[in-house]
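Only one structure is covered here, and it is reproduced in the block below.
Values in this text are rule-based calculations from the coordinates and carry no lab data. Keep in mind that what you see is a predicted model, and the values were worked out from it rather than measured. We place every Cβ from the backbone using ideal geometry, glycine too, and count neighbours over all the protein chains shown.
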Amino acid sequence: MSLFNKKSERQRDGRRHKTAEDKVVAGKAAGNDTHKRGANRQTAATLTLHSLISLHQQVGKDAFSRLQKRPLASLLNSLLIAVAFSLPVLLFVLVSNIQQLGSTWDGQPRISVYLDNEVSQKVVGQRIADYRDHPLIEQVAYLSPEQGLQDFQQKAGLQNVITSLGFNPLPGVIQLTPVSDASFGQLDDAVATFQSMGGVEEVRLDRQWVQRLQAILTMLERFSIMLGGILGLTVVLVISNTVRLNIESRRDEIKVISMVGGTRGFIAMPFIYMGVWYGVIGAILAQIIVSSLLMVLSNEVTNLAGLYNSEMVLSGPSLGVMGILLLSGVFLGALGAMGSCYRHFQALVPD
Amino acid sequence: MIRFDGVSKRYPGGHVGLEQVSFHLKRGEIAFLTGHSGAGKSTLMKLVMLLERVSAGQIWVGGHNLRALKNSRIPYLRRNIGVVFQNHQLLFDRTVFDNVALPLLIAGYSPGDCAGRVRAALDMVGLLSKEKLFPVALSGGEQQRVGLARAVVNRPALILADEPTGNLDPQLSAEIMKLFENFNQVGVTVLIASHDLALVARMRHRILTLDHGRLVSDQEVQ
């Protein structure tokens, strides 16, 4: 601002006493007058990138050391934020794990043709030949009732049940792998055709459960995002409240800074940094929480997957998810703090 | 430097802070503002700093009409005004040095550039040796001098002081007043509100007297 730039009238000579103190002032004055214009210009010029960066560094450090001064309170606040962050992230990570599991079957739906129990070997041979010739079918594999029984006994550990039945209840199955570019419409037509062929009990396109799983997972994913939204709001409110308390306790400081010419932005800066720190610390704690929970869960998951003959390994949050979490921490922290400053400066900052 | 033209300030509820006050404080002048408490001294100071807005009339500070000054420009106006308060308004969680450096940081100086100016300001008030102390460790007079150093560190063209000697004994008061005179002698415009009539009379400067919000006398330097 170019206020006050006009050259001031100087010392009124009659009143000068050359005391020691006076000389200091006079020395200062000589500099003062020559610099007066420069000084004001300099005020604007000194808002360089360098001074701005060092100001931000200092304010950021100050805000962090303020958190350190009351470690327990800060930790509890951060934990609250961390819990809010970790719930949706945990859900999201679990869903994406299951999704990965589903996606390995997703690409290639299979058709299982269950044969009549009393079908002759000849008819079976015919059907296999038919399917081999079908343009939509790439692979044909036949699983006889005996093979089916063997597999079943090995996998499921139900030996006793089957033996006690005294006969083999399993039908022969022809498993068909369609060509990869077959559409579901085409496959539905093919299934209808196969159904009407002789010796066929039932034809199943196994995409249904994949579709259902996908639908459930999509829903859960949406849910985790919604939950993220709601809990994100919680984070904003928690941080905004924490910052509000801080603003209250630093009333005097805010007033003084405002009276010596601090802009609202300058006054808000330490509070915004505080919000950002809370957000970042909360996000980091959330990652620790999520990782430890997943570590505990991973044994169970490996066991469960073993039962399903799968080698699924629970993977933790991806780098992308961690990055998003951290950015959310920064963003929500700043947002909460700014909201708080906006509401509470109204009364405190006189402009 | 400061010009009031028919300025009135009424507070909600009907209390009158100032009523039709007009005066002109020229650049480089020093003046006292007196009157019993509640006469409007603080209100006048607040209007100059735009802590409050006028109800009627015009105020010019440094050639700027304060009515036309947008809220967003207020901080920049205040950077050109050094203020000293009765209760000195120091920040007790910062050292003397950091307190004095505050206006410079606000104006955008990097901490490195501040040091020289801060020391010069502290030297002027004779507290250079105490820069690392916290305000709690200082006496009342010393705290007031830190407030003074903070007011002048950014080389303002105008210093406003609201009861700067309110809590000090006569000797300390005289020392503080001497400092104000020193600043005035290097061209800074100074306006000091004080109800200490004896002290004000001894200083032999222009005296503006307020009573119930009205300017009842304006004695020039004898």
In Hz, Karplus ³J(HN,Hα) per residue of the range A:219-224 (6.51, -1.76, 1.60; θ = phi - 60°; x = Gly, Pro): 5, 4, 5, 4, 4, 5
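Grab the alpha carbons of the range A:280-336, take their convex hull, and tell me the volume per residue in Å³.
Hull volume normalised by residue count: 72 Å³.
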Residue list for the range A:136-150, given a label point 7 angstrom along the Cα-to-Cβ vector of residue A:114 and an amide N cut-off under 20 Å: A:141-150
Amide hydrogen neighbours beyond the local backbone of residue B:193, cut-off 5 Å, H modeled: B:33, B:161, B:162, B:163
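Rounded to two decimals, what is the ratio between the C-alpha radius of gyration of the protein assembly as shown and 2.2 N^0.38 Å? Before the final figure, lay out each step's value.
On the way: Rg = 40.1 Å, N = 573, 2.2 N^0.38 = 24.6 Å.
Normalised Rg, Cα atoms only: 1.63.
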Inter-site label distance for residue B:67 and residue A:249 at 7 Å from Cα along Cβ, in nm: 4.5 nm
Distant-in-sequence amide H partners of residue B:127 (H built 1.01 Å from N, under 5 Å): none
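Would you compute, from DSSP H runs of 4+ residues alone, the mean residue ellipticity of the protein assembly as shown at 222 nm, taking -39500 (n - 2.57) per run and dividing by the full residue count, rounded to the nearest 500? Please report the intermediate quantities before stating the final value.
Numbers: 18 runs with 327 residues, N = 573.
Mean residue ellipticity, 222 nm, calculated: -19500 deg cm²/dmol.
Of all the stretches in chain B, which is the longest one without any exposed loop site, taking trypsin sites (Lys or Arg not before Pro) in a DSSP loop (any state but H, G, I, E, B) with at most 13 other Cβ atoms within 10 Å? Please list the in-between numbers first.
Details: sites that count: B:26, B:70, B:132, B:204.
It runs B:133-203.
Could you tell me the ratio Rg/Rh of the range B:127-193? Both radii from Cα atoms, Rh via Kirkwood. Display every interim value, and only then the final one.
Working: Rg = 11.9 Å, Rh = 12.5 Å.
My calculation of the ratio gives 0.96.
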Rg and Dmax of chain B, Cα atoms only, in Å: 17.1, 50
Cβ-defined net charge surrounding residue B:17, 12 Å radius [Lys, Arg +1; Asp, Glu -1]: +4
Phi to ³J(HN,Hα) by Karplus 6.51 cos²θ - 1.76 cosθ + 1.60 over the range A:259-266, Hz, x for Gly, Pro: 6, 9, x, x, 6, 4, x, 5
Relative contact order for chain B, counting Cα pairs under 8 Å that sit 6 or more residues apart, in percent: 30 percent
Radius of gyration and Dmax over the Cα atoms of the range B:121-165, both given in Å: 10.6, 31
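What pairs from A:69/A:255; B:132/B:178; A:61/B:46; A:61/B:41 go past 30 Å between their alpha carbons? Please list the in-between numbers first.
Working: A:69/A:255 23 Å; B:132/B:178 25 Å; A:61/B:46 34 Å; A:61/B:41 40 Å.
A:61/B:46; A:61/B:41, as the Cα separations exceed 30 Å there.
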5 angstrom amide H check on residue B:8, placed H, neighbours 5+ away: B:20, B:21, B:55, B:56, B:57
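So for A:209, B:60, A:277, fewest C-beta neighbours within 10 Å to most, what's the order?
Details: A:209 11, B:60 16, A:277 22.
Going from sparsest to densest Cβ surroundings: A:209, B:60, A:277.
Just to verify a number: FRET efficiency for residue B:92 and residue A:315, C-beta to C-beta distance, R0 = 45 Å, to 0.05? All intermediate terms of the calculation are to be shown ahead of the outcome.
Details: r = 52 Å, r/R0 = 1.16.
Here the calculated transfer efficiency is 0.30.
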Backbone HN-Hα couplings from phi across the range B:130-146 [Karplus 6.51/-1.76/1.60, Hz, Gly and Pro as x]: 10, 4, 8, 7, 8, x, 4, 7, 9, 6, x, x, 5, 4, 4, 5, 4
Label point at residue A:189 placed 7 Å out along Cα→Cβ; residues across the range A:115-135 whose backbone nitrogen lies under 19 Å: A:130-135
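Please report the net charge: other residues with Cβ closer than 15 Å to the Cβ of residue B:55, K and R +1, D and E -1.
Values: positive: B:9, B:10, B:46, B:53, B:67, B:214; negative: B:5, B:19, B:52.
Net local charge, residue B:55 excluded: +3.
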